[in-house]
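Here's the structure, in structure tokens; my notes come after.
The values are calculated or read from the model by the stated rules, or taken from the named source; none is laboratory data. Here the structure is a predicted model, which is why all the values come from computation and not from measurement. Glycine gets a Cβ as well: all are built from the backbone with ideal geometry, and neighbour counts include every protein chain shown. Remember, those area values only see protein heavy atoms, side chains included, never the ligands or the DNA or RNA. Shrake-Rupley method; radii C 1.70, N 1.55, O 1.52, S 1.80 Å.
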Amino acid sequence: MNLEEAIRGRRSVREYTSEPVDEATIRRLIACAVLAPSAVNEQPCTFTVVRDAALLDQVSHDAKAHRLATASADPNLEHLHTMLRDPTVQIFHGAPALIVISARAPGPWIVEDCALAAENLMLAAYASGLGSCWIGLAQSYLNTPAGKRALGIPFAWVPVAPIILGHPKITPPPVARREPEVRWVG
Ligand SMILES: Cc1cc2nc3c(=O)[nH]c(=O)nc-3n(C[C@H](O)[C@H](O)[C@H](O)COP(=O)(O)O)c2cc1C
């Protein structure tokens, strides 16, 4: 598969088989992630790999509770809150692995740096036949002391990109994109 095929074919996968993702594959994907550019070549990204299903269930439960406890009463978010109150919903979609990309410390470019690493990782995963999805719903909890403690993330680190990984059970249909709004100047 060439790069454009990977870019065009990658989808957020929300249904996985129970087949684990082996350590060598995860290491290879992380090796692709760290090749992303970073501001001033700071290379701030760290990777926390979680493959314990019970721990992922627990973190999902606690992240949902945290999200609900800190939510604003925005009626536009009611659909999301109903989903978060549903005890059958696991925010990691039952994936066998979670890779939390964190920065070693706060900084002006860490979100950009970790997001670029995340996209490299997700494209490399797709090119390897794996599915992935960024789980933004976990982010606020993972940035609390309890969330960091749960995953053994050092307190100084800043979790930016929680990425689930696994063998897709289905091929998700393409998600439509808006026509790009482009202005040609000159
Ligand atoms: C920052 C960010 C946060 C996201 N958070 C979630 C999430 O919490 N749960 C989820 O199922 N998908 C999440 N997604 C996936 C998006 O819903 C998905 O990328 C979008 O619908 C487009 O679909 P595609 O990735 O298949 O092209 C997130 C994506 C990004 C970039």
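Values as computed for the structure displayed
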| read-out | value |
| --- | --- |
| Residue list for segment 88-108, filter: touching a strand residue (DSSP E or B) at 6+ places or on another chain (Cβ under 9 Å), of a type outside the set (A, V, I, L, M) and more than 10 Å from the ligand (Cβ to nearest atom) | Gly94, Pro96, Ser102, Arg104, Pro106, Gly107 |
| Top-ranked residue in segment 109-120 [being more than 11 Å from the ligand (Cβ to nearest atom) and not polar (S, T, N, Q); ranked as most open to solvent (accessible area, probe 1.4 Å)] | Trp109 |
| Matching option when the condition is polar (S, T, N, Q), closer than 18 Å to Leu130 by Cα and exposed (fewer than 11 other Cβ atoms within 10 Å of the Cβ), among Asn76, Asn41, Asn2 | Asn2 |
| Qualifying positions in segment 134-159 - near the ligand (Cβ under 9 Å from one of its atoms), open to solvent by less than 30 Å² (accessible area, probe 1.4 Å) and touching a helix residue (DSSP H, G or I) at 6+ places or on another chain (Cβ under 8 Å) | Ala138 |
| Within segment 59-73, considering residues that are within 19 Å of Gly94 (Cβ to Cβ) and in contact with a helix residue (DSSP H, G or I) (Cβ under 7 Å, 6 or more places away or on another chain), the one most open to solvent (accessible area, probe 1.4 Å) | Arg67 |
| Some residue of segment 84-93 being in a helix (DSSP H, G or I) and open to solvent by less than 60 Å² (accessible area, probe 1.4 Å) | yes |
| Residue list for segment 29-38, restricted to those being among the hydrophobic types (A, V, I, L, M, F, W, C) and open to solvent by 70 Å² or more (accessible area, probe 1.4 Å) | Val34, Leu35 |
| Single unsatisfied condition, Ile26 versus (1) surrounded by fewer than 14 Cβ atoms within 10 Å (Cβ to Cβ); (2) part of a helix (DSSP H, G or I) | (1) |
| Residues of segment 121-133 satisfying the condition of being more than 14 Å from the ligand (Cβ to nearest atom) and in a helix (DSSP H, G or I) | Ala124, Ala127 |
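Yes/no matrix, rows are residues, columns are (1) within 15 Å of the chain's Cα centre (by Cα); (2) free of Cβ contacts under 8 Å to residues at least 40 places away in the same chain; (3) more than 29 Å from Ala65 (Cβ to Cβ); (4) part of a helix (DSSP H, G or I):
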| position | (1), (2), (3), (4) |
| --- | --- |
| Glu119 | yes, no, yes, yes |
| Ala150 | no, no, no, yes |
| Phe155 | no, yes, no, no |
| Pro162 | yes, no, no, no |
| Leu165 | yes, no, no, no |
| Arg177 | no, yes, yes, no |
| Glu181 | no, yes, yes, no |
| Trp184 | no, yes, yes, no |
